[in-house]
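Colleague: Below is one structure. I have some questions about it.
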Amino acid sequence: MDWGMNNRISRMIKPSTGRSVMLACDHGYFMGPTHKLENPRRTIAPLAPYADALSVTRGILRTSVDPKWDVPILLRVSGGASILKEDLSDEEITTSMKEALRLNVSAVALSIFVGTDHEKQSLINLAKLVDEGEELGMPVMAITAVGKELEKRDAKYLALACRLAAEIGVHIVKTYYCEEFSKVVNGAPVPLVVAGGPKLKTEEDVFNLVHNALEAGAVGVDMGRNIWQSEYPVAMIRAIRAIVHEKANVKEAVSIFDDEKAEKSKRVESATRL
Ligand code: R5P
């Protein structure tokens with residue numbers, strides 16, 4: 001692999017563990033001011049020191065991420081649809097590779113919509129991006145979007161979508177965790193990271209998802225809402241880091257979360273006493 005490509009990937013997927021905790025903050029590109037991401041800088045700033053990469057669009061990068069922060073950027077370069085439309089799959093490339101290079105990002109990311117009316121459009125856009133990425137040393141991540149069709153999140157569908165992306169030549173895939181996730185991993189010979197999806201009921205549910213995904217062969221997470229919609233986002237990301245990078249089990253992650261939460265509550269209490 002080309003040196004530049006290899007170096008960019010190694011900034012995000014840490015060579016010491018072969019794993020990664022990416023923080024997804026790109027929801028606004030089709031959802032607008034998502035709950036608890038209304039002010040992106042306020043959400044991202046306390047979490048950035050714990051992220052191996054930040055998933056954002058160029059608008060949020062320019063306005064809400066300090067260029068002096070030492071965190072690799074995973075730039076979303078697809079868009080064109082909003083939640084107001086029934087069909088979210090009609091996306092195009094919204095940010096050029098030249099812009100990605102100018103912003104010094106570590107990878108670009110684009111959603112593919114396998115099984116929708118715009119399947120071909122999204123796959124051809126992905127192929128164009130991979131061609132350009134190969135030429136310039138820029139890794140490409142495919143995101144196996146399922147939009148509003150959540151019932152499609154089974155191993156058969158996700159294995160198909162991830163494999164199609166791998167065949168096109170992507171360097172990383174972001175997908176969803178599902179039952180029999182090892183079938184998805186085994187069918188796609190590229191590193192897979194999992195999204196979290198909408199906020200789960202308990203912290204333990206989130207840690208189980210992360211733990212099971214890694215056990216099945218994922219290299220990490222690119223997770224958003226289950227971190228920053230928590231009342232204790234820093235505690236969440238620290239506990240997830242322990243699972244991903246230190247092989248903590250779910251019980252250990254819960255206790256890391258509880259300790260962090262107690263610390264935070266103490267700090268708030270003493271600040272209000274002053
Ligand atoms: C969709 O907006 C993006 O691909 C998100 O980055 C992805 O869904 C991960 O975020 P979450 O963990 O909130 O699902």
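Colleague: Of the residues that sit in segment 222-240 and are among the charged types (D, E, K, R) and within 8 Å of the ligand (Cβ to nearest atom), which one is nearest to Leu37 (Cα to Cα)? Give the steps one after another, and end with the answer.
Modeller: Restricting attention to segment 222-240, the residues satisfying the condition of being among the charged types (D, E, K, R) are 222, 225, 231, 238.
Next cut, within 8 Å of the ligand (Cβ to nearest atom) only: 222, 225.
Values: Asp222: 16, Arg225: 9 Å.
The selected residue is Arg225.
Yes or no, residue by residue, for (1) modelled with pLDDT of 95 or more; (2) within 20 Å of the chain's Cα centre (by Cα); (3) under 24 Å from Ala166 (Cβ atoms); (4) among the acidic types (Asp, Glu):
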| residue | (1), (2), (3), (4) |
| --- | --- |
| Gly79 | yes, yes, yes, no |
| Lys98 | yes, no, no, no |
| Ser111 | yes, yes, yes, no |
| Thr116 | no, no, yes, no |
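Colleague: Taking into account only those residues within segment 93-117 that are within 14 Å of Ile60 (Cβ to Cβ) and within 16 Å of the ligand (Cβ to nearest atom), which is surrounded by the fewest Cβ atoms within 10 Å (Cβ to Cβ)?
Modeller: Thr94
Colleague: I would also like to ask the following. Need the failing condition index for Phe181 against (1) more than 13 Å from the ligand (Cβ to nearest atom); (2) in contact (Cβ under 8 Å) with a residue 60 or more places away in the chain, just the number.
Modeller: (2)
Colleague: Out of the residues in segment 42-59 that are among the charged types (D, E, K, R) and either crowded, with 18+ Cβ neighbours inside 10 Å or in contact (Cβ under 8 Å) with a residue 40 or more places away in the chain (or both), state the one that is farthest from Ala242 (Cα to Cα). Walk me through how you get there before you give the answer.
Modeller: As a first pass, look at segment 42-59 and keep what is among the charged types (D, E, K, R): 42, 52, 58.
Pick out the ones that are also either crowded, with 18+ Cβ neighbours inside 10 Å or in contact (Cβ under 8 Å) with a residue 40 or more places away in the chain (or both) and you get 52, 58.
Numbers: Asp52: 13, Arg58: 30 Å.
Top of the filtered list is Arg58.
Colleague: Checking Val244 against (1) in contact with a Gly (Cβ under 6 Å, 6 or more places away or on another chain); (2) part of a helix (DSSP H, G or I); (3) among the aliphatic types (A, V, I, L, M); (4) within 13 Å of the ligand (Cβ to nearest atom), only one condition comes out false. Which one?
Modeller: (4)
Yes/no matrix, rows are residues, columns are (1) part of a helix (DSSP H, G or I); (2) buried (at least 21 other Cβ atoms within 10 Å of the Cβ):
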| residue | (1), (2) |
| --- | --- |
| Lys174 | no, yes |
| Lys183 | yes, no |
| Asp222 | no, yes |
| Ile237 | yes, yes |
| Lys251 | yes, no |
| Ser255 | yes, no |
| Asp258 | yes, no |
| Arg267 | yes, no |
| Thr272 | yes, no |
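Colleague: Something else now. Any residue in segment 15-41 that's away from the ligand (no atom under 15 Å from the Cβ): show its pairings with residues that are aliphatic (A, V, I, L, M) at Cβ separation under 8 Å, as long as the two are six or more apart or on different chains.
Modeller: Between residues of segment 15-41 that are away from the ligand (no atom under 15 Å from the Cβ) and residues that are aliphatic (A, V, I, L, M), the close pairs are Thr17/Val244; Gly18/Val219; Arg19/Ile13; Arg19/Leu214; Arg19/Val219; Arg19/Val244; Arg41/Val65.
The values are calculated or read from the model by the stated rules, or taken from the named source; none is laboratory data. From a predicted model like this one, the values you see are computed outputs, not experimental measurements. Here Cβ is always computed from backbone atoms with ideal geometry, including for glycine, and neighbour counts include all displayed protein chains.
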